[in-house]
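The values are calculated or read from the model by the stated rules, or taken from the named source; none is laboratory data. Everything numeric here is computed off the predicted structure, so don't read it as measured data. With ideal geometry, Cβ positions are generated from the backbone for all residues, glycine too; neighbour counts draw on all protein chains shown. Note: accessible area is taken over every heavy atom of the protein model, side chains too, but ligands, DNA and RNA are not part of it. Shrake-Rupley method; radii C 1.70, N 1.55, O 1.52, S 1.80 Å.
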Amino acid sequence: QVQFVESGGGLVQAGGSLRLSCAASGSTFSINAIAWYRQAPGQQRLWVAFVTSGGSTAYADDVKGRFTISRDNAKNTVYLQMNSLKPEDTAVYYCNRYPRHYVGAWGQGTQVTVSS
């Protein structure tokens with residue numbers, strides 16, 4: 001079972017950048033596709049980006065070109081570089097396995113707040 005700890009969130013002005021980190025425990029980390037998800041107040045938790053064990057990536061349409069996901073299997077860590085942030089990116093960000101039916105226990109997430 002892989003467990004996740006997210007960090008790196010904060011308050012930033014629109015147009016700014018943040019880099020999120022997802023530290024994972026568990027021997028199977030390197031073989032899993034890992035995704036970042038986000039949940040805004042009153043809304044569903046949605047997929048944002050994922051990276052496969054081989055390093056292939058994919059992004060939701062509303063973050064494509066602004067966010068970059070990467071992983072370091074030696075450190076059991078996945079990153080999310082977020083540039084050109086918008087107020088609508090405000091949410092709690094989580095990482096977990098991908099796709100959704102492989103998701104395990106959720107971590108505490110990290111809050112990202114983008115002010116206009």
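The set of residues in segment 99-115 being modelled with pLDDT of 95 or more and either part of a strand (DSSP E or B) or surrounded by fewer than 14 Cβ atoms within 10 Å (Cβ to Cβ) (or both) consists of GLN108, THR110, GLN111, VAL112, THR113, VAL114, SER115.
Taken over segment 47-86, the residue count meeting the criterion of being among the aromatic types (Phe, Trp, Tyr) and in contact (Cβ under 8 Å) with a residue 40 or more places away in the chain is 3.
Is it the case that VAL51 is at pLDDT 95 or above, among the aliphatic types (A, V, I, L, M) and within 15 Å of ASP72 (Cβ to Cβ)? Yes; evaluated as a whole, the condition is true for this residue.
Counting only residues that are farther than 11 Å from ALA91 by Cβ and open to solvent by 30 Å² or more (accessible area, probe 1.4 Å), segment 45-63 holds 11 of them. Of all the listed residues (GLN3, GLN44), the sole one being in contact (Cβ under 8 Å) with a residue 60 or more places away in the chain and out of contact with any His (no Cβ under 6 Å at 6 or more places or on another chain) is GLN3.
Under the condition of being at pLDDT below 95, surrounded by 13 or more Cβ atoms within 10 Å (Cβ to Cβ) and more than 16 Å from ARG71 (Cβ to Cβ), the residues counted in segment 4-44 number 0.
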